[in-house]
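The block underneath contains the structure these notes are about, expressed in structure tokens.
Every number in this text was worked out from the coordinates using simple rules, so none of it is lab data. All figures in this text were calculated on a predicted structure; none of them were measured in a lab. Neighbour counts run over all protein chains shown; Cβ positions are idealised from the backbone, glycine included.
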Amino acid sequence: MRIIVLAGIAAALIAAASCTPGGKTGAASQLKKTPFGSTADGTAIDLYTLANKHGMSAAVMNYGGIVVALKVPGRDGRIDDVVLGFDNLNGYLGTNPYFGAIVGRYGNRIARGRFTLDGVEYTLARNNGENALHGGLRGFDKVVWQARDVSTPGTPRVELRYLSKDGEEGYPGNLSATVTYSVTDANELRIDYLATTDKDTVVNLTNHSYFNLAGQGNGDILKHELQIDADSFTPVDAGLIPTGEPRKVEGTPFDFRQPTAIGARIHENNEQLIRGRGYDHNFVLRGGGGTLAPAAKVYEPTTGRVMEVLTTQPGVQFYSGNFLDGTIRGKGGKVYQQRYGLCLETQHFPDSPNHPSFPTVVLKPGERYQTTTIYRFSTAQP
Ligand code: GLA
């Protein structure tokens, strides 16, 4: 009898220990793997849900390394999914603008799908007018990655690996890419990118999540307040290719050095905004790349959600969801109208292979391409 009582007390103590102070759910951090359908050729796809002790979670799948859901608490404790996407795999298998995906080998545009490396000219698939965009016709967003649970105590973590063969989409070298997603108890979604090659090549990996901190599908992002740690940006030509000269943000609608509502200046009669149909530009980060430094911060006034972006990359593409046009019905049947999501794609500058003055994107055998980006969530009072 006595033993049973003691066992009961022990069980209660264990239950209490797993109830974290301040945690909304009391659940311990964990990784859960669930089937998420299969591709046209029958490859099984899984969803990995990484949850921390505060009730924040990220769901990532091995198709495209896509962040399918990202649930974070708001000021009042309510948890919402803050990224655009679909309820099931089929949505992602259809045409969509890179929702949540890993983008590679080369994030953003390469002019006329051409570049020269070591005296050899390489021709890529042109999938954006005359330019190559986001890795080509079947970029890293449309391939199946090998997934592995690499969680450490208290930190759920999933590692995704993909071998991009020499010549794939026109790029030289066998590129071995590894992307690791972690959810930390500091309410961070952390993404670590690693790549090696057996032949000189170019690499620029990023993540293309569309954020709406009011909750996906809940209106446009024009009232989100954005701050970017950049004194200059790279202006573009009519095809959204950088002209090559960085321009100071001072005195332009691209000045986000102080938090400013995204909609405050987006409709100004500014040549760069007209070319981008809004913001679709690379910002030159003050940190310069190489070490983890703040890149941007977003605040959504109604829910109080704050997202800080930190990166080791030298640039961030701020895209204000200009091409969304109400033709996509996403999660929970929500229709995604223009500017219903914003992207902060940490990266090297677009078209770098054709701009020797930009930080290099060349990767050689024996070198390691290694970058980290953190999306950190918190809340603030009005
Ligand atoms: C990037 C580009 C945009 C657009 C989107 C996807 O952010 O810079 O021009 O192509 O991807 O729709």
Single condition Phe254 does not satisfy, out of (1) in contact with a Leu (Cβ under 8 Å, 6 or more places away or on another chain); (2) within 16 Å of the ligand (Cβ to nearest atom); (3) closer than 21 Å to Lys223 by Cβ: (1)
Only residues that are in contact (Cβ under 8 Å) with a residue 12 or more places away in the chain, among the charged types (D, E, K, R) and either away from the ligand (no atom under 16 Å from the Cβ) or in a loop (DSSP other than H, G, I, E, B) (or both): list them for segment 125-167, please. Arg126, Glu130, Arg138, Arg148, Asp149, Arg157, Glu159, Arg161, Asp166
Top-ranked residue in segment 335-368 [being within 22 Å of the chain's Cα centre (by Cα) and surrounded by fewer than 20 Cβ atoms within 10 Å (Cβ to Cβ); ranked as farthest from the ligand (Cβ to nearest atom)]: Arg368
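Tell me which residues, restricted to segment 50-65, are touching a residue at least 24 places away in the same chain (Cβ under 8 Å) and out of contact with any Asp or Glu (no Cβ under 8 Å at 6 or more places or on another chain).
Leu50, Ala51, Gly55, Met56, Ser57, Ala58, Val60, Tyr63
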If Lys53 passes every condition in (1) within 27 Å of Pro301 (Cα to Cα); (2) under 16 Å from the mean Cα position of the chain (by Cα) but one, which one does it miss? (2)
All conditions in (1) crowded, with 19+ Cβ neighbours inside 10 Å; (2) not in a strand (DSSP E or B) are true of Val183 except (2)
Within segment 265-283, track down each residue that is over 16 Å from Ser232 (Cβ atoms), away from the ligand (no atom under 16 Å from the Cβ) and surrounded by 14 or more Cβ atoms within 10 Å (Cβ to Cβ). Arg265
Qualifying position, being crowded, with 24+ Cβ neighbours inside 10 Å and within 16 Å of the ligand (Cβ to nearest atom), among Phe86, Phe99: Phe99
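Would you be able to tell me the number of residues in segment 102-124 that are within 14 Å of the ligand (Cβ to nearest atom) and either β-branched (Val, Ile, Thr) or not in a loop (DSSP other than H, G, I, E, B) (or both)?
Going through segment 102-124 one residue at a time, the tally reaches 6.
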Cβ-Cβ under 7 Å, sequence separation 6+ or interchain: first residue in segment 85-99 and touching a residue at least 12 places away in the same chain (Cβ under 8 Å) and farther than 15 Å from Val143 by Cα, partner charged (D, E, K, R) and surrounded by 17 or more Cβ atoms within 10 Å (Cβ to Cβ). Which pairs? Gly85/Lys331; Phe86/Lys331; Asp87/Lys331
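Filter segment 316-332 down to residues that are more than 12 Å from the ligand (Cβ to nearest atom) and touching a residue at least 60 places away in the same chain (Cβ under 8 Å) and give me whichever is surrounded by the most Cβ atoms within 10 Å (Cβ to Cβ).
Taking segment 316-332 as the starting set, the residues that turn out to be more than 12 Å from the ligand (Cβ to nearest atom) are 326-327, 329-332.
Subset that is touching a residue at least 60 places away in the same chain (Cβ under 8 Å): 330-332.
Values: Gly330: 22, Lys331: 20, Gly332: 10.
Here the residue is Gly330.
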